[in-house]
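All remarks here apply to the structure that follows.
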Amino acid sequence: KTTVKILGVKFDKLDFDDAYQRFTTFMMQDETKMIFTPNSELVMMAQDDDAFRQILNEGDLTVPDGIGIILASRIHHLELTERIPGIDLMAKMLAYANRSNKSIFLFGAKPGVAEKAAQKIAEQYGNIKIVGVQDGYYDERDELRILDKINEVKPDILFVALGAPKQEKWIYKYRKLLNVKVAMGVGGSIDVWAG
Ligand code: UDP
């Protein structure tokens, strides 16, 4: 089996490099692929939220962000070997985008933060195309406008930082309408990039 379940949440049995390789295959395909990186907190959250658990289980790539999941897997002899922090996977994805002339969109965090993160990312990855940013504090009624804003610029990669489970639910809800190759829930990572 290539996946395991921890308290009902699916994880792909991959080390960091294989997870990254899987991401690169997503970039060659047409359908929007969803990447989730749950930590123990999210797995606990998913216990009382069936919709959230099902969404995590439908991730095209779901990898453990945090040692808690690895420890749980050891206790249950489930062979998850390596923790795959979302922030590290994001960095590898940014490096890939930089090398391959791919475009990204940063969606989430407080107003002004994604712009700042975009600046920092551009400093580090001079070749990357940051085609848009959008803060994560919007009116429900603006959701479709945000979807349009993203689709107009057709980013290859969409990073969504709305906190869990909001970001995973948003990605799942719009996955069929999104004009992106990869959508990834990144939690606090846009804040981290902004510094
Ligand atoms: N966030 C957002 N909209 C919201 C709630 C949260 O954009 O309605 C952002 C928040 O500003 C932060 C990110 O989501 O940048 C992650 O939030 P948090 O640290 O609570 O989530 P975690 O990383 O623990 O999943």
Test: residue in region 100-108 that is farther than 20 Å from Tyr20 by Cβ, within 16 Å of the ligand (Cβ to nearest atom), free of Cβ contacts under 8 Å to residues at least 60 places away in the same chain and not in a helix (DSSP H, G or I): yes
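State yes or no: is Trp170 among the aromatic types (Phe, Trp, Tyr), closer than 13 Å to Ala114 by Cβ and surrounded by 16 or more Cβ atoms within 10 Å (Cβ to Cβ)?
Numbers: among the aromatic types (Phe, Trp, Tyr): yes; closer than 13 Å to Ala114 by Cβ: no; surrounded by 16 or more Cβ atoms within 10 Å (Cβ to Cβ): yes.
Taking the combined requirement at face value, the residue does not satisfy it.
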Given (1) within 12 Å of the ligand (Cβ to nearest atom); (2) under 18 Å from the mean Cα position of the chain (by Cα), number of the condition Ile157 does not satisfy: (1)
Residues of region 111-129 satisfying the condition of being within 13 Å of Asp191 (Cβ to Cβ) and loosely packed, with under 13 Cβ neighbours inside 10 Å: Pro111, Gly112
Residues located in region 1-21, provided they are more than 14 Å from Thr81 (Cβ to Cβ) and in contact with a Leu (Cβ under 6 Å, 6 or more places away or on another chain): Val9
Pair list, Cβ < 7 Å and 6+ apart or interchain, from region 130-144 residues that are farther than 15 Å from Val186 by Cβ to residues that are away from the ligand (no atom under 12 Å from the Cβ) and in a helix (DSSP H, G or I): Val131/Val153; Gly132/Lys149; Gly132/Ile150; Gly132/Val153
Criterion violated by Gly163 - all others in (1) farther than 17 Å from Thr32 by Cα; (2) surrounded by fewer than 16 Cβ atoms within 10 Å (Cβ to Cβ); (3) over 17 Å from the mean Cα position of the chain (by Cα) satisfied: (3)
Matching residues, region 135-147, being surrounded by 11 or more Cβ atoms within 10 Å (Cβ to Cβ), of a type in the set (Asp, Glu) and assigned to a helix (DSSP H, G or I): Asp142, Glu143
Matching residues in region 72-89 - criterion: being more than 12 Å from the ligand (Cβ to nearest atom), of a type in the set (A, V, I, L, M, F, W, C), surrounded by 14 or more Cβ atoms within 10 Å (Cβ to Cβ) and assigned to a helix (DSSP H, G or I): Ala72, Leu89
Top-ranked residue in region 24-51 [being of a type in the set (Ser, Thr, Tyr) and under 15 Å from Met90 (Cα atoms); ranked as surrounded by the most Cβ atoms within 10 Å (Cβ to Cβ)]: Thr37
Hits in region 174-195 - residues which are assigned to a helix (DSSP H, G or I) and either farther than 15 Å from Gly108 by Cβ or under 13 Å from the mean Cα position of the chain (by Cα) (or both): Ser189, Ile190
Considering residues of region 1-23 that are free of Cβ contacts under 8 Å to residues at least 60 places away in the same chain and part of a loop (DSSP other than H, G, I, E, B) only, the residue surrounded by the most Cβ atoms within 10 Å (Cβ to Cβ): Gly8
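Throughout, read-outs are computed from the coordinates displayed, never taken from laboratory work. Everything numeric here is computed off the predicted structure, so don't read it as measured data. Backbone-built Cβ (ideal geometry, glycine too); neighbour counts: all protein chains shown.
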